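Bear in mind these aren't lab numbers, they're just calculated from the coordinates by the rules spelled out. Keep in mind that what you see is a predicted model, and the values were worked out from it rather than measured. Note: ideal-geometry Cβ built from the backbone for every residue, glycine included; neighbour counts use all protein chains shown.
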Amino acid sequence: MKGIVSKSTGSWYKVYIDGREVDARLRGKIRTQNLKSTNPVTVGDVVFLDVQDEEYLIKGVEDRKNCIVRKSNKLSKQYQLIASNIDQALLVVTPAYPYTPMGFIDRYLITASAYHIPVIILINKSDLNEPKLSAYRDELQATYLGLGYDCRLMSFLSESDIEEVQKLIQSKTTVISGNSGVGKSTLANAISAGIDQKIGEISSSYDKGQHTTTFAQMFVVNPDTFIIDTPGLKDFGLVHLKKNQLSHYFPEMKAVLENCKFNNCIHLEEPECAVIKELEKGNIAESRYLNYLNMLDELDQA
Ligand SMILES: Nc1nc2c(ncn2[C@@H]2O[C@H](COP(=O)(O)OP(=O)(O)O)[C@@H](O)[C@H]2O)c(=O)[nH]1
Ligand SMILES: [Mg+2]
Ligand SMILES: [Zn+2]
């Protein structure tokens with residue numbers, strides 16, 4: 001039989017099979033794809049199972065459509081699988097309470113794009129209306145709509161906005177990300193009567209240091225609609241990216257980089273660099289370029 005992994009602790013798993021969740025264990029060694037991962041099975045995996053003595057045993061993993069990973073620690077070459085088979089991501093941000101910096105949003109967008117995961121930005125708490133907050137909200141919306149992203153104003157306290165999100169996620173597997181306090185649990189609870197997350201709590205163990213083992217959790221909204229609760233992609237590995245590929249994931253750089261003199265230009269100090277030219281003309285925002293430099297620093301040389 002076949003199922004979808006909805007939770008993993010590393011030693012046992014919850015698997016969604018035909019409308020219900022069962023506990024399962026791994027049967028011996030599992031053949032995995034060609035990735036140096038510390039965990040063979042992750043949330044979102046489609047797995048094949050046997051039942052033996054009333055116990056569910058996972059005997060194999062279907063090839064993954066995609067998979068987000070993070071480095072298991074800074075020095076190691078091994079990766080931890082966080083979640084797989086993702087159709088899209090909802091990035092929840094707020095102009096205040098908490099303030100979401102653009103640097104965080106950019107990094108998320110670029111990382112997701114490197115994984116070929118489309119992102120919808122939800123600017124939440126639109127019911128709050130202090131002038132300062134509204135100014136930053138307008139700036140966020142203008143910036144990301146201007147860059148061509150799907151970006152929507154929302155209040156998760158509004159029923160019609162929740163219905164809009166329900167339509168967005170129907171028949172898909174959706175990762176929901178965002179800093180603590182932006183409203184992820186509020187959203188999950190409103191989406192589905194079966195979900196009961198604590199509101200106003202710092203969830204899971206994601207931000208408690210690099211040695212904590214962390215796993216995403218998947219919720220079944222209806223039999224072909226799943227949401228996965230993960231943290232920001234902050235320390236998710238940009239595993240497959242080389243330095244000279246990074247700018248391809250910044251739409252405003254991608255649009256001009258074929259005019260750079262060198263085709264492996266990384267837009268630092270190369271002569272006749274089209275990205276630098278657009279930056280100097282003000283067509284590429286300085287903040288976006290600075291975020292680009294920060295991310296570039298972390299990538300391996302091609
Ligand atoms: N004013 C307002 N508050 C919200 C909205 N969505 C969530 N909140 C509040 O924001 C706080 C944090 O929400 P929570 O769902 O726990 O955020 P999480 O940490 O991302 O899971 C709670 O007090 C929620 O009631 C919204 O649209 N408007
Ligand atoms: Mg929460
Ligand atoms: Zn260049």
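One way to sum up the overall shape of region 83-229 is the equivalent ellipsoid from its Cα gyration tensor, whose semi-axes run 22, 18, 17 Å, largest first.
Which residues make up the longest stretch of the chain that has no chymotrypsin sites (Phe, Trp or Tyr not before Pro) in a DSSP loop with at most 14 other Cβ atoms within 10 Å?
Details: sites that count: Trp12, Tyr99, Phe262.
Answer - 100-261.
Rounded to the nearest 0.05, the FRET efficiency derived from the C-beta distance between Leu145 and Asp63 at R0 = 30 Å is 0.25.
Take the chain and mark each of the trypsin sites (Lys or Arg not before Pro) that is in a DSSP loop with at most 10 other Cβ atoms within 10 Å; the longest unmarked stretch, sites excluded, is 78-197. The DSSP beta bridges internal to the chain are antiparallel in roughly 60% of cases. Within the chain, Cys67, Cys151, Cys273 have no other Cys Cβ under 4.7 Å of their Cβ and so lack a disulfide-compatible partner by this rule. Straight-line cross-link reach from Lys243 at under 22 Å between alpha-carbon atoms covers these lysines, not counting any fewer than eight positions away in the same chain: Lys36, Lys71, Lys74, Lys77, Lys234, Lys254, Lys261, Lys277.
Label separation (Asn264 vs Gln88): 3.8 nm, computed from points 7 Å beyond Cα along the C-beta direction. Positive-end ranking of Val275, Ser113, Ser84 along the dipole of the chain, with charges on Cβ about the Cα centre, is headed by Ser84. For the chain, a Gaussian network of Cα nodes joined below 10 Å ranks Asn66, Asn259, Asn124 by mean-square fluctuation, and the top entry is Asn259. Placing a label point 7 Å from the Cα of Ala96 along the Cα-to-Cβ direction, the residues of region 108-128 whose backbone N falls under 15 Å from that point are 124-128. Around Lys36, what is the net charge, scoring Lys/Arg as +1 and Asp/Glu as -1 over all other residues with Cβ under 12 Å from its Cβ? That sum, taken over residues with Cβ under 12 Å, equals +2.
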